[in-house]
Amino acid sequence: MAAALSINSGIGRRLLADGLLTQEQAKEALAGAKLERQSLPFYLAQTGMVDGMAMAAAVADEFGSPLFDISSFDISLIDKDLVSADLINKHNALPLIKRGTRLYIAMADPSDLRALDEIKFSTGLNTDGVVVEAVALNEAIKQLLEGGDDVGTGLDNLDDDDLENLDIEAVDEGGANDKADESAADETPVVKFINKVLLDAIRSGASDIHFEPYEKTYRVRFRTDGILQEVAKPPIQMGGRLSARLKVMSQMDISERRVPQDGRIKMKISKKKSIDFRVNTLPTLWGEKIVLRILDPTSAQMGIDALGYEEDQKALYMDALHQPQGMILVTGPTGSGKTVSLYTGLNILNTPERNISTAEDPVEINLEGINQVNVNYKVGLDFSVALKSFLRQDPDIIMVGEIRDMETGGIAIKAAQTGHMVMSTLHTNSAAETITRMLNMGIPAFNLATSVSLIIAQRLGRRLCSACKEPVEYPKEMLKEEGFTDADIEEATLMKAVGCAKCSKGYKGRVGIYEVVKMTPALQKIVMENGNSIEIDAKAREEGFNDLRRSGLMKAMQGITSLEEINRVTSS
């Protein structure tokens, strides 16, 4: 890897001038890049501090180098013998095309002349650098050197003949049913169709797949970036066979159609990569609706910088994580990213010196080094029973999937008071409502005020596509009504969704929007006086903690998402 660039260098100044970095972020990035022994562009793109394509465009413009979209390049065309793997890894530079005596090198940092010189010396060819997006470059190098052992490559190498023979297996979670009959759903067209749907969902980055029967139609929908989109309409006569096949794959009882069932499927994409699907069936008027939740283990390894916390919010979360005891509560509706926030925190704390146990319903992603328990209500293993058992096993950190009742909440509070770090979730809309919900459960106000250290309320908003987003102007009066201050209106450049071949209606990916509230003495006082959610919320704003709306508006001012998207996911 190239050495980190100085903030006083051309690209450092350029990023500051373009508003892609603040001075504080620049200093932090420089220190991080130096520590990781990475170039500044790669570090910034990898951590999500600056959008990858925006970074590449700024670098290319600053150095007068060509900008190249490596994601559209066929990696198989590269001559693997031209440049050694050691040189490629050392400089994070990829040889693309040889034309005569000239070799074009894909780089995230074109100022790394040492890389160009060493490759020139090794090959005997003149070298020219072209700028590519840093993370995409890293993926291309991995694909070339490791034989493409990642999800995208594994899927792209599959053709229609492979669809029938994918490596798919059910995951036995202790409640698997032996009544599933493989012969009942082993028709080749059904097998191929379902396998293709699963692959297409992974390719598109979907989070859920919906198989839905109606009176005269049958449809398949993907939830991509939080929005459901119809992707297929198989014949209605095929509905029963699709249901049977999915139930066989997840080891459910295909003869039982009257009650909901749960199962799990594991699909091997390559030698090292697999994707899990959590499967649930629901009897409806016209057949069984089946929903598959796609569980990608890499989502738990994103790192806190990629989640979208503002710098002050990230500092509050990190400080709470490293306290010797206390409770961190993450709240929000289903699908708001609570699990990823918790897993990210657990990964930060996951060291050989700590004993970490979790109780989840169900366990979504396996985490190495963490003791994960799947609650099973049929045998009496609920959250409270698991919590009691944890406390007898010398824990340091405990994660409870959700606090649903007074018993679970009471045990969790006591654990937080007796030297343990406790993390959990609730389905509430804001930090203030989280406090009142627990008070209404019957948790004593004093215990709550002295045990809870941090509350995070969150939503997920769609990111604007960096390739096609455009500036947009709104009337000043309208912006004030939306919550912008005069200073915001003067400084901010809002962006709108446009749409291109690289995105879905102008959006690509999602970003977290957060309200992070630390339990300060002033807030503790209101809680112990049994204050309502309105009083708690007002005091939190007075203490300087942004609510979800304000955090969303900041994301819009940063050009990460649009005002329309903020209005969709937060209330004005």
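Evaluate the stretch 325-378: find the radius of gyration of its Cα atoms, find its Kirkwood radius, and give the ratio Rg to Rh.
Radius of gyration over Kirkwood radius for the stretch 325-378 works out to 0.96.
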Inset, instruction - Go from 0 up to the bin containing the longest alpha carbon distance in the stretch 290-363, width 5 Å each, and give me the % of pairs per bin. - result: 3, 12, 24, 28, 19, 10, 3, 1, 0
Legend entry - Antiparallel bridge percentage (DSSP; both residues within the stretch 271-427; nearest 5): 35
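Mind ranking 235-247, 537-549 by how tightly packed they are, going by the mean number of other C-beta atoms within 10 angstrom, highest first?
235-247, 537-549
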Inset, instruction - Please give the per residue volume of the convex hull enclosing the alpha carbon atoms of the stretch 401-539, rounded to a whole number of Å³. - result: 156
Legend entry - Phi-based couplings in Hz for the stretch 524-536 (Karplus 6.51, -1.76, 1.60; Gly and Pro marked x): 4, 4, 5, 4, 5, 8, 6, x, 7, 5, 5, 5, 5
Inset, instruction - Check cross-link reach from Lys98 to the lysines: straight Cα distance under 24 Å, and skip same-chain residues fewer than eight apart. - result: Lys80, Lys90, Lys120, Lys142
Inset, instruction - Quantify, in whole percent, the carbon and sulfur part of the accessible surface of the chain (1.4 Å probe; protein heavy atoms only). - result: 48
Legend entry - Solvent accessible area, Å² - Lys496, 1.4 Å probe, full protein context: 80
Inset, instruction - Express the accessible area of the chain per residue in Å², computed with a 1.4 Å probe while the remaining protein chains stay in the model. - result: 47
Inset, instruction - Give me the Kirkwood hydrodynamic radius of the stretch 192-314, using the inverse of the mean 1/r over all pairs of distinct Cα atoms, in Å to one decimal. - result: 15.7
Legend entry - Share of pairwise Cα separations in the chain, more than 48 Å, in percent: 16
Inset, instruction - State log₁₀ I(q)/I(0) for the stretch 474-513 at q = 0.15, 0.36 Å⁻¹ as given by the Debye formula over alpha-carbon point scatterers of equal weight, solvent excluded. - result: -0.53, -1.16
Inset, instruction - Mind jotting down a quarter of the surface of the convex hull over the alpha carbons of the stretch 366-479, in square nanometres, one decimal? - result: 12.3
Legend entry - Inter-label distance for Arg102 and Lys216, nm, one decimal - labels placed 7 Å from Cα along Cα-to-Cβ: 6.3
Legend entry - Label-to-label distance, nm, for residues given as Val379 and Asn280 (7 Å Cα→Cβ offset): 2.2
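The values are calculated or read from the model by the stated rules, or taken from the named source; none is laboratory data. Everything numeric in this text was worked out from a predicted model, so none of it was measured. Quick reminder, even Gly has a Cβ in these numbers, built from the backbone with ideal geometry, and neighbours come from all protein chains shown. The protein model used for the area step is the full one, side chains on, heavy atoms only, and it has no ligands, DNA or RNA in it. Shrake-Rupley method; radii C 1.70, N 1.55, O 1.52, S 1.80 Å.
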